[in-house]
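Undergrad: One structure, pasted below without further comment.
Taken together, the values in this text are just the output of simple stated rules run on the coordinates, not laboratory data. Note that this is a predicted model, so its numbers are computed, not measured.
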């Protein structure tokens, strides 16, 4: 009998009259709500004309519409939460990317970021692999995740180097919080930096090294007693080349110097190699470095 009541046919006029009287209470049970609907239908049938044939609209369309709306909302929510945008910079390239809130990310060569653009206003979070300089708009928590650490800010400018087992954060303005998977936590003020040494974050005043840290932003190479292995790795990323060493011990030589980044790889190598009595032979995009 109860099911028969719920399947009564209503005209558009009857529906309008019925729904104008509906008042739902979230404190009521499902059975109570159905009972209220049954009473309204019974009362409404005595106030309206008989139902005309050919105009059949059943009450279950309400439940179906609500269910469909909930499915759409849930689907959009899941899409917004888990859809990510990836920005990749190839070797020898540099780009600047604007995030949904206007914050900017300047990506060094061979670097990648990922973030959820449609979920951004709920969670400002970026995943970084490589090196990037961030200019963050003020707002809620902004976090940059890398494999070895997390950097959190509210609004500031900072540089992150996260390649392989190397992780370094430099704060140019504002305040930066850095943590790693071993629960070390460090707060950086302007001019300070932190490096990951094995499993420990070590803080230092990097004002003296600021020019070296941000050299890539100024189109420069800046080294201070830096091993040639690091110098050549930079050349490979900046010029999209491969460097091979005839003698592995060459990698341990140290270099100090500042130079504007030449347009061609061969010119950059010529500024370095003569100082160590080294020469290069080019094969395609590969340079073989050997002692003279």
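Undergrad: Counting only DSSP beta bridges with both residues in region 219-291, tell me the antiparallel percent, nearest 5. Provide the component values of the computation, followed by the final result.
TA: Working: 12 of 16 bridges.
Percentage antiparallel, nearest 5: 75.
Undergrad: Here's something else I'd like to know. Taking every Cα atom in region 219-291, find the radius of gyration and the maximum pairwise distance Dmax, and write them in Å.
TA: Rg then Dmax for region 219-291, in Å: 11.1, 31.
Undergrad: Same structure again: Compute the length gained on full extension between residue 85 and residue 264: take 0.36 nm times their separation in residues and subtract their Cα-Cα distance, giving the result in nm to one decimal.
TA: On the way: separation 179, 0.36 × 179 = 64.44 nm, distance 3.20 nm.
Working it through step by step, the gained length comes to 61.2 nm.
Undergrad: Using Cα-only point scatterers and the Debye equation, what is log10 of I(q)/I(0) for region 85-212 at each q in 0.10, 0.13, 0.19, 0.20 Å⁻¹, rounded to two decimals?
TA: -0.28, -0.48, -1.06, -1.18
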